[in-house]
Each structure stands twice: as structure tokens, then as C-alpha cells.
Amino acid sequence: MPDHYDRLEIRDPQDRERSLLAALPGHIAHAKRNAPGWARILAGVDPEAVTDRAALAKLPITRKSDLPALQKAEHPFGGLNAVPVARMGRIFVSPGPVYDPGGVGGDWWRAARALFAAGLRSGDVALNTFAYHFTPAGAMLESGALALGCAVVAAGTGQTEMQVSTIADLRANAYIGTPSFLKLIVERADELGADIRSLEKAAVGAEFLPPALRTAMKDRGIRVLQSYASADLGMIAYESEALEGMILDEGLLLEIVRVGSGDPVQEGEVGEVVVTSFNADYPLMRFGTGDLSAVLPGASPCGRTNTRIRGWMGRADQATKVKGMFVHPAQIAEITKRHVEIVKARLVVDNPGGSDRMTLRCEVRGEPAAGLAMAIADTLRSVTKLRGEVALVRPGELPSDGKVIEDAKKYG
């Protein structure tokens, strides 16, 4: 069994850098020529002059948080697509709303490499529990598994008992999904006395992987490795068996920049993850993810030579991941607008027991009417597509620090 997906993973780092930088001018020219959004953003930029990282760092950063406004001005992708919408094949919707394309080519999101590193191989039966509805995660990981030659069970989210019986019936040996849902499936299998010993590997993502959960799964014979992806960029980085940071996917230029600016930081310093993708259909130049991370020195002991990062270390803005989906400050403002009783609101996200939980704390005027908390909880679910609790407090009880979303999750 080969240790690496292809020889690109083990090439000389300088060869990789030269190859990517050599492709950059043509890629920028392609984007300016075919994507009206990039023609506007990069107006005045000479593609032929962008031949090194110093020149790249002078280009403006387009952040994920910019997408709703760009897309509202020019549906559906803000003019950032370099092929006609009809040729994209699929349109996905994330909260915000943000519309993301899904191309028709095989492994369009480049997920196969990460799944290979997680141990998936041709002939495996993989239970894919990422959502297939609206968001692209299910399709993204399925495309990578199919490219490897796996049989994919299109399970999607929820229905834990049915997930357990499916693993048992089909002898599925691979799991794809969030770590918290893997935990729920295993615990439910224990309650039911179901035999899911066929499950031996798990490729997880979209939320924090608690070390205790990885250890618990290892004790059951399930090796768990995680990856880092986004709906717009596809696969960004992934773990290997070395478990020393996350390895950048091939075909991406990574920068870690100082939060609030576009200036690259020194190696090892925490900053915002900014990625330039060479996807010809949906070229993203200096795309600011809003995620925090840092570059690790040296190469991975597994033999892969690409840049390593420490993984997801939080958000550069207040948008926060809850069960694999982002919740934005604008959504909290929308909830407040719908209930005149709310003076001020603050969403607190924590993860007791390793599972994400969100509580909307609302300052309300006077004595709250019966059923108000339940009504606000219904609005919270409607706006964010996630369940959450609501706590009503008196005016002045919430901190005056400007935060609308507080990420109180514990890591470690």
C-alpha cells in the first residue's frame, strides 16, 4: 500500500514553490479576463508582475465575510466565477446567506488527498454523514471518496439509530463526518448492543476534535484523522499518521497574515489564514478565511514536504463555528430585530462534553411575557439552522465589550 497519494506530496519544497509562483501570473490573467468580480477587485494589477510572494502580498485580500455583499450586488457568486453559472453544475447555500459553487469535474474540491491520508482506499465502504442538503460538505467529501474508489453510503446527518444499523448491515469500515457525531453513533451502538467492529477509520472535520475522543476511538480500534476545508476553497489542509500539524493541500498558496491587515507574519506567529486557489472555475486570490492558524517549522515526519499549519485555532472575526456551521453576528442582529423585547443579545458558544452548544443570552425590557424564551429559540433555529438555548437576563447584565458572539469552547 503506497504511503502517499502521489509524488507531488514528496517533491522538493522549492520545486513546489517555483511551480506555483510560475502559474500565478497566468491564473490572475485568467481570472481578470473571465470573472468580472476579479476584474474589478484587481483593476490596475498587472498579472505579469505578480511573480513572487512580495508581489502577491500587495494584492487586496477578499475575505469570506465580503461574500454576502458581493453576491447581493451580483448573483449568485459576486462575479468571482470564471465560467458561466450553468457550467458550475451545482449551487450550495451556507448561512449568511453565502452561495458556493460545486463544479462538475471529479474531486473538484480536492478531498481525495486528505481522505487517502486518513487511510481510505479503493474498496472501502465509507459512511458519509456530512450534510447533503444546501451545504456542500456531503458532496465535497463524497467526491474525494469516489475518486479513491470507495463505495459511499450517502447517509447525511441525524437518524443515529439508522446510522448504527447501516454500519452493522453493510460492514462499513470508514466514517466521514464530524467527530461529535461519530461519538454519538458509537455510544448509540453500545446502547443497542450493535456490532460496528467493522469501523476502523474515520476522516473527521468541521469542528474541533477533542484529544480524549481521538484516544477513546483508538481504544476501540478506530483511527481518527482530521482535515480542514471550507465551502469556497475546498480542502485546505489535513492530518497524516504523523499527527504533527496539518499539511497544506497541493495546488494552494498559503499566507498567514496579521489580523486586520494583509501583511504576512513571521513563521510560527498566529494570524489569519489567507489562501490563493488555482481552481480555474472559481479562482480565489488572497482569500481571507477568517480562521486563525500558524505555520509549523520543517516538514512532516510522514515524508510529505508541504507547509504544515497548527490547524484551526479560532476565528479572526466574531463568526463562530457551531456543529460545523458558521454563525455570524448579522444573524444575531436579525434575531434581535424580530423581537422588540430584546434590548441586547449575546450568543455564547461552548462545548461541554465535547459537543458544541449555543446559548443566546438576551437582555429584555420589563417582565418577559410567557413563552418569550421559546419564541426566541424558534427564531434562533430559523435564522441559524441550529438548535440553541435562550437565557433571558435584565438590562445591563451582559458585558459591554462589543461582542455579539462569544466563543467559550475549551480546546484540550
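The values are calculated or read from the model by the stated rules, or taken from the named source; none is laboratory data. On a predicted model such as this, the values are computed, not experimentally measured, just so you know. So basically every Cβ, Gly included, is an ideal-geometry build from the backbone, and we count neighbours across all protein chains shown.
Return the only residue of ALA55, ALA43, ALA29 being over 25 Å from the mean Cα position of the chain (by Cα), surrounded by 14 or more Cβ atoms within 10 Å (Cβ to Cβ) and farther than 21 Å from LEU233 by Cβ.
ALA55
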Out of (1) over 30 Å from GLU241 (Cβ atoms); (2) of a type outside the set (D, E, K, R); (3) crowded, with 21+ Cβ neighbours inside 10 Å, the one ALA126 does not meet is (1)
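Just the residues that are under 27 Å from PRO97 (Cβ atoms) and either surrounded by fewer than 20 Cβ atoms within 10 Å (Cβ to Cβ) or of a type in the set (Val, Ile, Thr) (or both), please, taken from the stretch 295-316.
If the condition is that a residue be under 27 Å from PRO97 (Cβ atoms) and either surrounded by fewer than 20 Cβ atoms within 10 Å (Cβ to Cβ) or of a type in the set (Val, Ile, Thr) (or both), then MET313, GLY314, ARG315 are the ones that fit.
Yes/no per residue for (1) aliphatic (A, V, I, L, M); (2) in the same structural domain as PRO136 (by TED's automatic domain parsing); (3) touching a residue at least 24 places away in the same chain (Cβ under 8 Å):
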site: ARG16; (1), (2), (3): no, yes, yes
site: SER19; (1), (2), (3): no, yes, no
site: TRP38; (1), (2), (3): no, yes, yes
site: LEU42; (1), (2), (3): yes, yes, yes
site: ASP52; (1), (2), (3): no, yes, yes
site: ALA73; (1), (2), (3): yes, yes, no
site: GLY78; (1), (2), (3): no, yes, yes
site: ALA86; (1), (2), (3): yes, yes, no
site: ALA114; (1), (2), (3): yes, yes, yes
> Residue check: is ALA112 at pLDDT 95 or above, surrounded by 15 or more Cβ atoms within 10 Å (Cβ to Cβ) and out of contact with any strand residue (DSSP E or B) (no Cβ under 8 Å at 6 or more places or on another chain)?
Replying inline: yes
Quick count over the stretch 238-255, residues being under 17 Å from the mean Cα position of the chain (by Cα) and either at pLDDT below 95 or of a type in the set (Gly, Ala, Ser) (or both), is 1
Of the conditions (1) farther than 19 Å from ASP356 by Cα; (2) surrounded by 23 or more Cβ atoms within 10 Å (Cβ to Cβ); (3) more than 15 Å from the chain's Cα centre (by Cα), the single one that MET235 does not satisfy is (3)
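Take the residues in the stretch 24-66 that are polar (S, T, N, Q) and under 24 Å from ASP291 (Cα atoms), then tell me which one is modelled with the lowest pLDDT. Step through it out loud before you land on a result.
To start, the set of residues in the stretch 24-66 that are polar (S, T, N, Q) comprises 34, 51, 62, 65.
From what's left, under 24 Å from ASP291 (Cα atoms): 62, 65.
Values: THR62: 96, SER65: 89.
The extreme case among them is SER65.
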Of those in the stretch 375-400 that are over 20 Å from MET325 (Cα atoms) and of a type outside the set (A, V, I, L, M, F, W, C), the residue surrounded by the fewest Cβ atoms within 10 Å (Cβ to Cβ) is SER400
